[in-house]
Amino acid sequence: MTPCNIQYRWTNGETVLVQAQPNHSDPAKATGWIGSVIDVTAQAKAEQEVLATEDLEALDAIAECAMAQERIANDILGLAQLQLKRYNITPVAFDLLASLRNTCRMFKNECKAKSIDLSLVFGSSLTRLGPHARVHADPTRLAQM
């Protein structure tokens, strides 16, 4: 006879934790069970909200990684074009702050798993340009750095 813990969610959405253990530590002397039922609905909902947020962040990171892999493949093809002297680099206008944020988001979960504090801090010259600072450059090469 071993103690048991069961978490159960009722159809009305309430969640309870059911705990039961023998009424004596010696199984030969146990004549019954002692149990309790605890309402853990609030805790279960809070845990679900945290998981949902983390899941969305993980999906964003996966999408960013997939795009990074696509850029790497394109770079390999670009290198072949460079070697054949057929590659032209044309700077484009892009949102610098958004590009930097996306690059950091791509590594956020990996850093979190390794207990590394990753933060993006913009200098005063960049913040003076406003929330949508646009620059003319190659955003793919910037993300690679």
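The values are calculated or read from the model by the stated rules, or taken from the named source; none is laboratory data. What you see is a predicted model, and the numbers here were worked out from it, not measured in a lab. So basically every Cβ, Gly included, is an ideal-geometry build from the backbone, and we count neighbours across all protein chains shown. Heavy atoms of the whole protein, side chains included, go into the accessibility calculation; ligands, DNA and RNA do not. Shrake-Rupley method; radii C 1.70, N 1.55, O 1.52, S 1.80 Å.
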Worksheet item: Which is more than 27 Å from His132 (Cα to Cα), open to solvent by 80 Å² or more (accessible area, probe 1.4 Å) and of a type in the set (Asp, Glu), of Asp26, Asp55?
Response: Asp55
Practice prompt. Kindly establish whether Ala28 is farther than 30 Å from Met106 by Cα and of a type outside the set (Phe, Trp, Tyr).
Written response: yes
Item to complete: Hey, can you tell me all the residues within segment 120-143 that are open to solvent by 100 Å² or more (accessible area, probe 1.4 Å) and part of a helix (DSSP H, G or I)?
Response: Arg128
Worksheet item: Quick check: is even one residue across segment 39-46 surrounded by 11 or more Cβ atoms within 10 Å (Cβ to Cβ), modelled with pLDDT of 85 or more and closer than 30 Å to Leu126 by Cα?
Response: no
Fill in: Condition met for Asp117 (on the phi < 0 side of the Ramachandran plot, over 20 Å from the mean Cα position of the chain (by Cα) and either loosely packed, with under 14 Cβ neighbours inside 10 Å or at pLDDT 80 or above (or both))
no
Practice prompt. Could you figure out which of (1) in contact (Cβ under 8 Å) with a residue 12 or more places away in the chain; (2) within 30 Å of Gln7 (Cβ to Cβ); (3) open to solvent by less than 70 Å² (accessible area, probe 1.4 Å) isn't true of Ile34?
Written response: (3)
Discussion item. Can you tell me how many residues within segment 70-95 are open to solvent by less than 60 Å² (accessible area, probe 1.4 Å), of a type outside the set (Asp, Glu) and modelled with pLDDT of 85 or more?
Written reply: 2
Fill in: Which numbered condition Thr103 fails, given (1) in a helix (DSSP H, G or I); (2) modelled with pLDDT of 80 or more; (3) more than 30 Å from Thr11 (Cα to Cα); (4) open to solvent by 50 Å² or more (accessible area, probe 1.4 Å)
(4)
Practice prompt. Looking only at segment 8-22, decide whether some residue is open to solvent by 100 Å² or more (accessible area, probe 1.4 Å) and assigned to a helix (DSSP H, G or I).
Written response: no
Worksheet item: Of Glu57, Glu49, Glu70, which residue is in contact (Cβ under 8 Å) with a residue 12 or more places away in the chain, part of a helix (DSSP H, G or I) and acidic (Asp, Glu)?
Response: Glu57
